[in-house]
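Student: My questions will all concern the structure given below.
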Amino acid sequence: MLRVGVLVSGGGTNLQAIIDAVNTGMITNTSIEIVISNNPNAYALTRAKKNNIDNLCISPKTFEKREDFNKALIKKLDEYQLDLIVLAGCMVVLPAELIDKYENRIINIHPALIPSFCGTGYYGLHVHEEVLKRGVKLTGATVHFVDAGTDTGPIIMQKAVEVKWGDTPEILQRRVMEEAEWKIMPEAINLIANGKVQVIDGKVKIQE
Ligand code: GRF
């Protein structure tokens, strides 16, 4: 059984997609053990509650020093003996120590086709604004392992989504979520849970 912890900050639609996929059996061999949010008002926490998943808020704002927040977060994650940490709309910069400790055991979803429209400053709606500004015809989403850089870790899955004339950042964001994010995140977790994902020289090999 893959023991999964999910880190969130907001609405939690990606979390919901994962919960639904576990419940319907699309994801197998997986249990969601804990959901942690840095934001006490994140609707994602309510989604966890509704599904009887342990949940809590650990906010950097409630600690005097960042170091103390880092320690509290790592301690809590360690407590749950997780095999995989999933960043599902997590807006917190993770402690370097956590990334080190959980090498190739943390995954993130980015709402664009890496290496385009990613890196520092590319988060949330801003990604889609830049996509529209440049006028690309395809965008999409990427699930990748998290390393020390921003959006630089090994890529696990990508799915392209059409950009349409007249799109607003909000409309495009929604289409990227519906057509890509909510699909490839559960798929990636299922592949990991079933031992199909291998990292070789910084690249991911998926066993057919
Ligand atoms: C998604 O667009 C995700 O790609 C980005 O933040 C958003 C999270 O949405 N990192 P939600 O909280 O899962 O609804």
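The values are calculated or read from the model by the stated rules, or taken from the named source; none is laboratory data. Since this is a predicted model, take the numbers as computed values, not measurements. In this analysis, Cβ positions are derived from the backbone assuming ideal geometry, glycine residues included, and neighbour counts consider all displayed protein chains. When the accessible area is computed, the model is the full protein with side chains, heavy atoms only, and any ligands, DNA or RNA have been set aside. Shrake-Rupley method; radii C 1.70, N 1.55, O 1.52, S 1.80 Å.
Student: If amide H atoms are built 1.01 Å from N in the plane of the peptide, which residues on other chains or at least 5 residues away come under 5 Å of the amide H of residue 156?
Tutor: For residue 156, whose amide H was placed from the backbone, the distant partners under 5 Å are 143, 144, 145.
Student: Under 10 Å, Cα contacts only: if you run a Gaussian network model on the chain, which one of 196, 183, 133 comes out with the highest mean-square fluctuation?
Tutor: So, out of 196, 183, 133, the one fluctuating most is 133.
Student: So who's got an amide H within less than 5 Å of the one on residue 55, skipping anything under 5 residues away but keeping other chains? H placed 1.01 Å off N, in plane.
Tutor: Under 5 Å from the amide H of residue 55: 35.
Student: May I pose another question? Say R0 is 25 Å: what FRET efficiency, to the nearest 0.05, do residue 43 and residue 200 get from their beta-carbon distance?
Tutor: Efficiency, from the Cβ-Cβ distance: 0.05.
Student: So what's the convex hull volume per residue for the Cα atoms of segment 2-206, in Å³?
Tutor: 117 Å³
Student: Also, quick follow-up: In segment 143-160, which residues have a backbone nitrogen under 14 Å from the label point lying 7 Å from residue 125's Cα in the Cα-to-Cβ direction?
Tutor: It comes to no residues whatsoever.
Student: Ignoring ligands, DNA and RNA, what percent of the accessible area of the chain is carbon or sulfur (1.4 Å)?
Tutor: Carbon and sulfur together cover 49 percent of it.
Student: Mind jotting down a quarter of the surface of the convex hull over the alpha carbons of segment 15-117, in square nanometres, one decimal?
Tutor: Averaged projected hull area, Cα only: 7.6 nm².
Student: Oh, and also: Taking a cut-off of 20 Å between Cα atoms, list the aspartates and glutamates near residue 61, but don't count ones fewer than 8 places away on the same chain.
Tutor: 97
Student: I've got another one for you. Rounded to the nearest 500, what is the chain's calculated 222 nm mean residue ellipticity when only DSSP H runs of at least 4 contribute -39500 (n - 2.57) each, over all residues?
Tutor: -10000 deg cm²/dmol
Student: State which entries of 137/159; 50/183; 49/183; 49/205; 101/203; 101/196 exceed 25 angstrom in Cα-Cα distance in the structure shown.
Tutor: 49/205
Student: Okay, next question. Residues with amide H under 5 Å of residue 106's amide H, sequence separation 5 or more or different chain, H placed in the peptide plane at 1.01 Å from N; which?
Tutor: 85, 146
Student: Turning to a different aspect of this structure: Give me the distance between the Cα centres of segment 156-208 and segment 65-137, rounded to whole Å.
Tutor: 15 Å
Student: Hey, what did segment 52-208 get for relative contact order, percent, Cα under 8 Å, at least 6 apart?
Tutor: That works out to 18 percent.
Student: Relative to the Cα centre, what is the charge dipole magnitude of segment 2-206, using +1 at the beta carbon of each Lys and Arg, -1 at the beta carbon of each Asp and Glu, and rounding to the nearest 20 debye?
Tutor: Around 240 debye, computed over segment 2-206.
Student: Now for a separate question. For segment 1-90, state which GluC sites (Glu not before Pro) are in a DSSP loop and have at most 12 other beta carbons lying within 10 Å of their beta carbon.
Tutor: Loop-located and lightly packed - 64.
Student: Also, quick follow-up: Accessible area per residue, 1.4 Å probe, Å², for the chain: what's the number?
Tutor: 51 Å²
Student: How big is D for segment 86-192, in µm² s⁻¹ as a whole number, if Stokes-Einstein is applied with the Kirkwood radius of its Cα pairs at 10 °C and 1.306 mPa s?
Tutor: 114 µm²/s
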